[in-house]
1. Just rank A:Met37, B:Met166, fewest to most, by other beta-carbon atoms within 10 angstrom.
2. Go ahead and run the numbers for FRET between A:Lys190 and A:Thr142, Cβ-Cβ distance against an R0 of 35 Å, rounding to 0.05.
3. If one takes the longest principal axis of the Cα atoms in chain A, at what angle in degrees, from 0 to 90 and to the nearest 10, does the Cα axis of helix A:172-186 lie?
4. Non-local amide H neighbours of B:Gly126 (under 5 Å, H modeled in plane, Pro and chain starts lacking H): which ones?
5. Using +1 at the Cβ of each Lys and Arg and -1 at the Cβ of each Asp and Glu in the protein assembly as shown, identify which of A:Ala109, B:Gly104, A:Thr23 lies farthest towards the dipole's positive end.
6. Using 7 Å Cα-to-Cβ label points, what is the A:Phe183/B:Tyr207 separation (nm, one decimal)?
7. Using the Cα centre of chain A as the reference point, and only Cβ charges (+1 on K/R, -1 on D/E), how large is the resulting charge dipole? Debye, rounded to the nearest 20.
8. Using helices alone, I'd like the mean residue ellipticity at 222 nm for chain B: each DSSP H run of four-plus residues gives -39500 (n - 2.57), total over residue count, nearest 500.
Amino acid sequence: MSRLSTCFQQVTISIDNNHEPKTYKEVVQDINWKTIMDEELATLAHNKTWTIVDLPTNNNTVGCKWVYKLKHKVDGSMERYKARLVAKGFTQLEGLDFHDTFAPVAKIATVRFILVIAAIRNWKLTQLDVNNAFLHGELDETIYMDIPPGLPNTKLRQVCLLHKSLYGLRQARRQWYAQLASFLLKNNLKSSFVDHSLFIHNMEGKITVLLVYIDDIIHTGDDINNIHNVTLLLNQEFKLKNVGDLTYFLGFEIARSNK
Amino acid sequence: MLSETGMLDSSPVSTPMNFSTKFHADGEPFSDPTTSRKLIGKLIYLTNTIPDITFAINHLSQYLSSPTKEHYQTVFRILRYLKGTIGQGIFFDAKSDVQIQAYGDSNWASCIDTRRSVTGYLIYLGNTLINWRSKKQNTISRSSFEAEYRALSQNVCEVQWFAYLMHDLNIPILQPTVIFCDNASTIKIVNNLVFYERTKHIEIDCYTIREKIQQGLVKLLPVKIPNISFR
């Protein structure tokens, strides 16, 4: 321990002190976790993720659980509690609860290509991160999920009929991509023929480009106003976070100089 | 990765692999294949930003199912190479044109277990390297020219893909893409419209390349530069 730098020591100590709970039972008495779970449930209710119904006979239900995380700041101090309700994708039955699960992602060659063009043409590169991306996806299948622990006022044999996708569902990323793609296409962006995760907005010779890797998006183009407009549109629809200059993408560090 | 493997204090080397090394499947099996697989998996992701090790990694990853001691030693050789080149990435040059250039080569029958050949190509956009590949071909070539040809046709397809991408982004393609190729007979046969008995079996590749040349997408030139720099 003493060989670590002071800053790193602090981080290790604080992570050591803050134990991340694994089960609902461990946290049910803890007011901090309880509040955060109630907030999450409220968001899901607001999002109209499910309706409570009686389980029709002969139907499979998908399990669910809470995942608890402690978010730390760079210096190791606690930032916030995070609780996420996830579906147990492995309890889904193929052909019934899900069909296809793949989602197109940007090819690495396209990423490099866009970066080179942005460098040569001096385009501004920004990065968009979508908040709770997977919760936006609409579901094509009828999925019944067990009542999550902590949901008040439910009776025996009642289940959640899912309308929107949840983290952990096998089709979550596919449905998210479908949702994003249809939104972009509706707003006059075109999906590229050679890479379906590349969306291009082309108006009077002005070009705006969105490159999508699930919920990480590179945004660039030759018209600042247009970039701004597309960002606003996306923010209205999906709520973005961490909008800023592109520095990290898929674990690659990107540095830029003006020379 | 270096600290994980205890390689922080190792002495760097200047090449990722000994060029005379040729792997084969037999040899003394390595006792801990999982560790070896994990390391190679991590290195595969690194090839996304480090083109130099692509060939070595591709070569190694063909023996993931039963790595031998020799393979494992090469993994460490690559780590030592990476130590020497730490901090280097790909430089995206802003003062450059948007013309695609490609280099292609093949290594005839270099895989001693299957006698198949290996394709390699580099694609530049202006001064920046944007795509690279090293891959064992999926059929056996009977001559070096044939291997060269298969590599070339893959290269042409890749160039075509970038051309579509440029079209989508409204970037005009002013002149045909130059593909540098170090095999004189390949260039001759591409430019010669008559098929010979000996080239019959690679007809499809031939037609692909000829069509793209006639469309003005690509043109072939012999390699003149003695050393191609990666970075």
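All of the numbers you see were taken from the coordinates with simple rules; none came from a lab. Not measured: the values here are computed from a predicted model. Cβ sites come from the backbone with ideal geometry, for glycine too, and all protein chains shown count toward neighbours.
1. Least to most surrounded, the residues fall as B:Met166, A:Met37.
2. Efficiency at R0 = 35 Å is approximately 0.60.
3. 40
4. Those qualifying (amide H under 5 Å, at least 5 residues apart or on another chain) are B:Gln99, B:Ile100, B:Gln101.
5. Farthest along the dipole direction, towards plus: B:Gly104.
6. It works out to 4.6 nm between the two label points.
7. 340
8. -11500 deg cm²/dmol
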